[in-house]
Structure formats: structure tokens, C-alpha cells
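K.L.:
I have a structure I would like to understand better, so I am pasting it below and will then ask my questions one at a time.
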Amino acid sequence: MKTLLVLVLCSLALAVPCLTDEVAKPAGDHPAEDGLFAEKEQASTVVRQKRAAAELTLTQLESLSEVCETNLACDEMMDTDGIIAAYTAYYGPIPY
């Protein structure tokens with residue numbers, strides 16, 4: 001019985017500071033107001049920049065080429081302007 005009492009008191013001693021921290025925080029201390037979360041538009045811009053900065057591997061270029069070869073116009077553009085320009089023109093942004 002003493003062990004149970006000690007465990008309950010210890011758990012309360014640990015829980016009370018956690019509860020009081022939530023109450024003591026000012027209203028402007030929420031993560032959403034501090035800029036922790038980004039707007040969808042901003043986040044998609046960052047993702048596009050990361051994708052553009054990365055170099056594509058040979059396997060990725062081959063898969064883009066295979067997709068582009070199914071469309072005759074894309075295949076012709078791939079021969080003249082390159083695979084990345086042709087894929088982007090006909091199918092949109094590169095998925096990786």
C-alpha cells in the first residue's frame with residue numbers, strides 16, 4: 001500500500017509542472033503564430049526549389065524518357081530540346 005501511495009505522489013509531482021506550464025504560457029506562444037507551420041503555397045514553392053536543385057539519376061532520366069516516348073510530339077521535342085524540357089512541357093513538373 002505504501003508503494004502505491006509513493007507511485008501516485010511521484011506521478012502527481014511529475015504531472016503538476018506539465019499542467020502549470022500550459023497555463024503559464026502567454027497567448028502569443030502558440031507554434032502556429034511563431035511561423036512553425038508554413039502556408040501551403042510557401043511549402044510547395046520550397047519543395048519545387050528542392051526538386052529543381054537536385055540532379056536526376058540515370059534511372060530517373062530513363063523513366064522520364066520512357067514516358068515521353070509514348071507521345072510522338074513529346075518524343076520529337078525530347079530529341080531537340082532535351083528530356084527535361086519535353087517532359088515538363090507535356091506532363092508538368094517532374095515527380096521526383
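K.L.:
I'm checking my understanding of the structure. Among residues of the stretch 48-64 that are part of a helix (DSSP H, G or I) and at pLDDT 60 or above, which one is nearest to the chain's Cα centre (by Cα)? Steps first, please.
P.N.:
Of all residues in the stretch 48-64, those part of a helix (DSSP H, G or I) come to 48-53, 58-64.
Narrowing further to those that are at pLDDT 60 or above: 48, 58-64.
Details: 48: 11, 58: 24, 59: 23, 60: 20, 61: 23, 62: 25, 63: 23, 64: 23 Å.
Taking the candidates together, the pick is 48.
K.L.:
Right, here's the next one. If I ask for residues that are open to solvent by 30 Å² or more (accessible area, probe 1.4 Å) and over 20 Å from residue 55 (Cβ atoms), which ones from the stretch 67-94 would you list?
P.N.:
Passing the criteria: 69, 70, 71, 72, 73, 75, 76, 77, 79, 80, 89, 90.
K.L.:
Report, ordered by the first and then the second residue, all pairs with beta carbons closer than 6 Å, sequence separation of six or more or different chains, a first member in the stretch 53-81 that is touching a residue at least 12 places away in the same chain (Cβ under 8 Å), and a second member that is exposed (fewer than 14 other Cβ atoms within 10 Å of the Cβ) and among the charged types (D, E, K, R).
P.N.:
Hits for this filter: zero, empty list.
K.L.:
Could we say that residue 3 is exposed (fewer than 10 other Cβ atoms within 10 Å of the Cβ) and at pLDDT 90 or above here?
P.N.:
no
The values are calculated or read from the model by the stated rules, or taken from the named source; none is laboratory data. If you're wondering where the values come from, they're calculated on a predicted model, not measured in any experiment. No Cβ is skipped: glycine too gets one built from the backbone with ideal geometry, and neighbour counts run over all protein chains shown. Areas reflect the complete protein model, heavy atoms only, side chains present, ligands, DNA and RNA absent. Shrake-Rupley method; radii C 1.70, N 1.55, O 1.52, S 1.80 Å.
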